[in-house]
Amino acid sequence: MFETMAEPMVPRNSDTTTSADPVDFRSSPIDNRAAAGLPRLRLRGLLVGLVLAVLLPSVILGVVATSRAVSDEIGAANGRLTDTAQALALAMDQEIATQIASLSVFAESPAFDMRPASPDVPALYAQALRVVERLGAAVNVVNRDGTQLLNTRRPLGAPLPPTPTRETVEQVFATGRPAVSNLVVGMEDGRLAATTVVPVFGSDHRVILATEIAFEVEKVRDLLKAAAVPNGGFASVSDASGVIVARSDSLHQTMVGKPISLEGARAREGRAAGIFRAATNGVERVSAFHKLSAAPGWTLVVSQPTVTFDAAWQQPLLVLGGGTVLAFVVSIVLASLAARQILGPIRRLGSYARVVAAADGAILTGGTAGTLPAARIAELEILRRGFAAAEAGLRRGAQEMHALFQASPIGIARFDGRGRIHEANQAMLRILGVSRPDIEAGLIRWDERTPPEFRGVTERAFAQAMAAADGCCLAFEKEFIRPNGTRVPVLNSFAILDRETAMAAAFAVDLTELRSKDARFQLFVDRAPAGIAMFDAEMAYIAVSERFLSDYGLTTDSTESLIGRCHYDVFPDIPERWREIHRRVLAGETLSASEDAFPRADGRVDSVRWEMTPWYQADRTIGGALLFSEVITESKASREALAEGEARLRLLLDTVMEGIILASEDGKIVSANPAATRMFGYASEAELVGRPLGILMPAADAARHGSYLAKHRVADQAKAVSLPDRELIGRRKDGSEFALALSVSSFRSGDTRFFTGMLRDMTERKQAEATERHAEELERLVRARTRDLEETQAQLVQAAKMEALGRLASGMAHDFNNVLQALESSVTLARRRLGSNPIAAASALRIAASSVARGAAVTNRLLAFARRGELSATVVEPAWLLEDVAQLLRHTFGPAVALSVESGAGVPPLFADRGQLEMVLVNLANNARDALRQGVGKIHLAAASVAASGGVPTQLAPGNYVRLSVVDDGMGMAPDILRHVTEVFFTTKPEGKGTGLGLSMARGFAEQSGGALTIESTPGKGTAVSLWLPVAPAEPEGLRLAEENDTGEGAPSRRGKAILLVDDEPAVRSVLAELLGEYDHTVSEAADAASALARLAAGLAVDVVVTDFAMPGGMDGIAFIKEARRLRPGLPVLLVTGHPGEVSSADLAEAAKAGRFAVLRKPFSVKTLEARVVALLHG
């Protein structure tokens, strides 16, 4: 009933002519409701049916004969198109794979080997430029939040915008896998491009950064144009979001960045490849598509016009179709001409009627019934003129209604049951915040403009209107959401216009201004720091704040529930004094009290500060009273508590044993407790207050202290100070000096800063320390004698290790030769491929690095057996331990011995010295091999979790243990021999074949580790030797071995230091110098200790020395360190050695005491070397 009127027409009678274009009523839709009940049979249908009955049989025979030939040709054409799409998809996959491979090599750059917050950006930039030269595309490095560390499109150091591919970068950080972004607009040049994103991993195998390379749409287009696309066709690529990335034809610039057609997207959905037909840019085409494997979601499509695609098989169809169509056309034309004279006028009049009905009361602007051609039949002409007269009346009524509709200050809209708004007046457009074109385009929906919390009440109101006899509902309040997110409160109601189509009208009154006034007033009341209540002349509440409710215990009430209630009903026991105050205020007085008693219902009495004043109406008569109040009970108690606390603090300061001095920022004493005055020999605090702190210290210290305070006032005023205890010299009033310990802290009071010093007299403590040093010297002499005895015992243990080591020599040599062969082959292959195939060369170098790690593992096992020293317990995984021991033994024993390993499920870690334990297990396995008949048999290594309770084994305390067993099927031992096998030097082997130390050493190791050794043997069946070792505690109390080759993960990256590198091997020295140079260090080289000392004596600036241990010239690394520190006391030194055992513990301890010192075992990585250097330099 409300019309949108673009160009309202002036009403006219049926005889009026117009220059407006007439409406083409023949194109109007058929109203199915109007056609209901009419006969289905029509004159035109009868004529067409007759033609079909004659032609249809012959057409069917021709179609069957032609369909087979057409089917074969269609299959061949489909195959050609599909092959072309697959070949182009493969080319795209190869291009993306090349980018991923190049970025992966770039991501392994040493410049990434640091914390993500401070990468070596210049080095990365230089390497990125080389990638750009090779691939011809821009490279950048980004953080997870999208900020760019570098971008080759911009100079180093230039400001960089965030990456536009933030979503893809987040995907790479989450999955750790390369990804290809969708088409984006470049932040630097605004050009369209897609990017390949590859993760950069840290040493903990986590993604720390991402590197991107852009491939522009023009490059993709060139790749597509190079392919053999069918005549008149084109190839295109779309990304995972369905946006076109590139096309091979002239429409490339027009189509790039636009989404693919909906029809094409549906045809590709859920399939990796296929063929479909769709219209592209108005041209019907046949398209084959193939998904890219390197870029998930990307699709390559090859399209060919249907005309050329179907040309091969359309010829036979054209002959048949042409004849058939010609026959149909001639027949239908003849039939139509016969019926035209009868049906023409009726059709025009019926079409116009349907247009008027479909317009649903809208004003038609293209023509009227009067513009229809006059009918040649009188009855039809009378009907046409009647339509024209009715239309004129309809236009007049519509124009009047439209004027009222637009002028109404109430928002009015017409919407359907699906929520679409069809029409709205200016008031409603203003409420919704939308434009009329949005309404006319069908973009505005009633439910989308309604917040979720109001949809329920809206739906109920609509249902109420549908059910009501008059089609109306009760008005209700709700809100609308405008497109900019703002909300508009309205008073809303509905009226049903058409129950069958659920078409309805909505009426809305804007409540914004009314709500705004109420909200401002309530906000002022609620945010006030005091309780506020507003009363009318009868003392009924008009407004009340939340603070008023809480202060007066009305927490069960709400502000809304209190409105309208009388104050005396809320407080029925209010004293008469307050009623008198109310009467005086309502009479015009303003009364107040800074503190007043307020009795509570529970008997408590609070202190209240209040003021009450009258408020006036527009006619200047008193309308009521305003009460402002604040409960001050707690603040009053706080003030009293503060005074009491200050008194207690003064008592504490007066009685504490330590001296406490409070000083101002300019170094003047503000306060001193009695202990401080006694400590410095003063009679009272008054002698110190106001004097400088320098009187309490020697003259030299006083001068330095004054300089420190001056610097602090200039540069460090905003920082807090907190210094731990340090020893100083104090000066008493009589001039005598004494040792004291001082700790300092600072605080601010307003704009003034103060320092608090805690002092302790250290005189008695110094005397105690001298006595303690004498006792320590005696203890040192005892330890030295004990160490001599332990070294003798260690020599015997080392002899047993060497026996086991000799048996492993051949097997270890075999493993090491394999490592050398892999290393030599990988380096040779890398040298040959470095120029032609850098990726293959990088892969070969990674194999070489892996071989170095294997070689290091072999030497580590040998070093563990040759190691001297005390037990160093650590957590050991039994399954891994047995596998490592078995790996050592297999090459030594050969195929004659079947060696097996078993570790039960859930065996916990044990706690023992791993190196000693490996040596014991190897000795036990060698004994088992010697016991086999003719060296042939089985040896079984096993680990199990067992409980020792009730003394089983007898020497063990109850608890949980791990049992490691070495079992053989050899000759076994008789009981009389079994009783003596663990005695020192007892052996059953021939002279010269055994030391008799193996089993005794194994038993000693087990008992020293808190466990036991058990042996079970049966002659002729074999022997089982078991080590019972304690389970590792959750937090081991013993000493844990530090990794000698710590990667330094997390060490700060502090570079640019001067390093003196001393090594007699030129190749090692040269490579290490170059690698350290990549971390911005300045490296000076020396071939031996003598030349290094000469350079130090000449004044070479050195921050740290890196030296080998074994060097020619009669001076090893330890001797060199002593001489170097004689020239440069405290010089930091990193000692590099292939075997830490060749350096005595005493020498290492002495080197560590003389300055910063660390030991690094070969082989090592450059990251480990850099981490140790940084640790030495910075503690």
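Coordinate-derived values only; no laboratory data. It should be emphasised that the depicted structure is a prediction, and the values quoted were computed from it without experimental measurement. Here the Cβ is made from the backbone with ideal geometry for all residues, glycine too, and neighbour counts use every protein chain on show.
Points worth noting:
- Separation in nanometres of the label points that stand 7 Å from Cα toward Cβ, at Asp1064 and Thr1082: 3.0 nm
- Using the Cβ-Cβ distance between Ala227 and Ala407 with R0 set to 51 Å, the FRET efficiency works out to roughly 0.20.
- Residue order, fewest to most beta carbons within 10 Å, for His582, His205: His205, His582
- R0 of 30 Å, Cβ-Cβ distance Lys1162-Asp145: FRET efficiency to nearest 0.05: 0.15
- Each part gets one Cα centre, and for the stretch 620-646 versus the stretch 529-570 those centres are 18 Å apart.
- Once the mean of 1/r is taken over each pair of separate Cα atoms and inverted, the stretch 408-510 shows a Kirkwood hydrodynamic radius of 13.4 Å.
- Placing R0 at 22 angstrom, the Cβ-Cβ distance between Val329 and Ile60 gives a FRET efficiency of 0.70 after rounding to 0.05.
- Distance from the stretch 175-245 to the stretch 470-500 (C-alpha centre basis), Å: 49 Å
- Ranked by how many other Cβ atoms sit within 10 Å of their own Cβ, fewest first, the residues Thr771, Thr892, Thr828 fall in the order Thr771, Thr828, Thr892.
- When peptides 736-742, 430-436 are sorted by average Cβ neighbour count within 10 Å, with the highest value leading, the order is 430-436, 736-742.
- Placing +1 on the Cβ of every Lys and Arg and -1 on the Cβ of every Asp and Glu, with nothing else charged, gives the stretch 1058-1178 a dipole about its Cα centre of roughly 440 debye.
- Packing here is the average count of other Cβ atoms within 10 Å per residue, and on that basis the peptides 615-625, 905-915, highest first, run 905-915, 615-625.
- All other residues whose Cβ lies under 12 angstrom from that of Ala85 are scored, Lys and Arg at +1 and Asp and Glu at -1, for a net of +2.
- Maximal additional length on extending the Thr308-Arg604 stretch stands at 96.6 nm, based on 0.36 nm per residue less the C-alpha distance.
- Net lengthening on full extension, Ala91/Thr254 (0.36 nm per residue, minus Cα-Cα): 56.3 nm
- In this simple spin-label model, placing a label point 7 Å from the Cα along the Cα-to-Cβ direction at both Ile729 and Val901 gives a separation of 6.6 nm.
- The stretch between Gln955 and Cys566 holds 131.1 nm of extra length on full extension. This uses 0.36 nm per residue minus the Cα-Cα distance.
- Annotation for Glu646 and Glu133: the two label points, set 7 Å from Cα along the Cα-Cβ direction, are 7.7 nm apart.
- Filter on Lys766/Lys1122; Lys938/Lys1162; Lys258/Lys291 - keep pairs with C-alpha separation over 30 Å: Lys766/Lys1122; Lys938/Lys1162
- Residues Cys473, Cys566 arranged by fewest to most Cβ contacts within 10 Å: Cys566, Cys473
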